[in-house]
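The block underneath contains the structure these notes are about, expressed in structure tokens.
The values are calculated or read from the model by the stated rules, or taken from the named source; none is laboratory data. Computed from a prediction, not measured in an experiment: that's the story for all the values here. Neighbour counts are summed over all protein chains in view; Cβ atoms, including those assigned to glycine, are modelled from backbone coordinates with ideal geometry.
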Amino acid sequence: MPGLMSAPDDTSSNETSPQAAERIDPALLLPIVIAPSAILKAKAKPVGPGDEDTVRALAPKMLATMYKAPGIGLAAPQVNVGLRMVVVDIQKAGSPGPLVMINPEVVSVSQELNTYEEGCLSLPEQFAEVTRPAVVTVRYQDLSGKKEQLTADGLLATCIQHEIDHLNGVLFVDHLSALKRNMIMRKLAKEQKRKD
Ligand code: NI
């Protein structure tokens with residue numbers, strides 16, 4: 001994997017490193033939107049010049065919320081913000097992270113496919129195998145507006161595609177058959193009802 005990745009030199013502040021997970025300031029934590037919800041089905045808006053302050057304030061909160069969950073990726077619509085922004089950190093040796101991706105776009109994908117068991121913080125405790133391109137190249141801006149490009153494979157490639165899907169109103173269950181999707185959504189609804 002390291003050979004495939006051109007990691008941005010610096011992505012974000014160290015205070016959001018995984019080691020800091022237990023020291024996360026509770027004031028940074030945001031509520032996570034649980035499916036089904038209209039914002040999870042909506043196409044998020046591109047981050048524009050007027051959104052600078054919003055995304056700068058949001059990035060540490062999204063990272064804190066992701067680490068606390070714990071998760072390896074989180075998209076802005078999952079914290080009720082309809083902007084094209086995701087955070088990713090697969091927290092594996094040699095992987096870049098934490099990544100904050102503004103307006104991420106898939107530039108190219110491999111023909112080769114890969115299957116991972118996926119979950120989602122918006123579908124707590126639900127998992128299913130999803131097949132996606134094994135390698136993905138994405139373009140995005142970092143928090144300073146600098147353009148970046150990253151080629152990823154393995155879990156990172158899957159995670160990035162999963163998070164970009166969120167910006168287009170697509171959940172991992174949308175990659176499954178209607179039968180499997182409905183089973184998961186019914187199970188989720190039942191479990192959420194029990195929690196209320
Ligand atoms: Ni998700």
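The criterion of at least 1 residues that are modelled with pLDDT of 95 or more and within 13 Å of the ligand (Cβ to nearest atom) is met by the following strands (runs of 3 or more DSSP E) wholly inside the stretch 59-147: 73-75, 85-88, 113-118, 128-133. One residue stands out among those in the stretch 19-54 that are β-branched (Val, Ile, Thr) and at pLDDT 95 or above: the one that is nearest to Met85 (Cα to Cα), which is Val47. Counting only residues that are part of a helix (DSSP H, G or I) and either touching a Pro at 6+ places or on another chain (Cβ under 9 Å) or surrounded by fewer than 19 Cβ atoms within 10 Å (Cβ to Cβ) (or both), the stretch 30-58 holds 12 of them. Restricting the search to the stretch 166-196, which residues are within 16 Å of the ligand (Cβ to nearest atom) and either hydroxyl-bearing (Ser, Thr, Tyr) or without any contact (Cβ under 8 Å) to a residue 24 or more places away in the chain (or both)? Scanning the stretch 166-196 gives Val170, Asp174, Arg181. Of all residues in the stretch 151-183, those being part of a strand (DSSP E or B) and in contact with a Pro (Cβ under 7 Å, 6 or more places away or on another chain) number 0.
Would you check if His175 is over 22 Å from Leu63 (Cα atoms) and either in contact with a strand residue (DSSP E or B) (Cβ under 7 Å, 6 or more places away or on another chain) or at pLDDT 95 or above (or both)?
Yes.
Among residues of the stretch 96-121 that are farther than 17 Å from Leu74 by Cα, those with a beta-carbon under 6 Å from a residue that is basic (Lys, Arg) at least six positions away or on a different chain give the pairs Val107/Arg139. Restricting the search to the stretch 97-135, which residues are in contact with an Asp or Glu (Cβ under 8 Å, 6 or more places away or on another chain) and of a type in the set (A, V, I, L, M)? Scanning the stretch 97-135 gives Leu99, Val100, Met101, Ile102, Ala128, Val130, Ala134, Val135.
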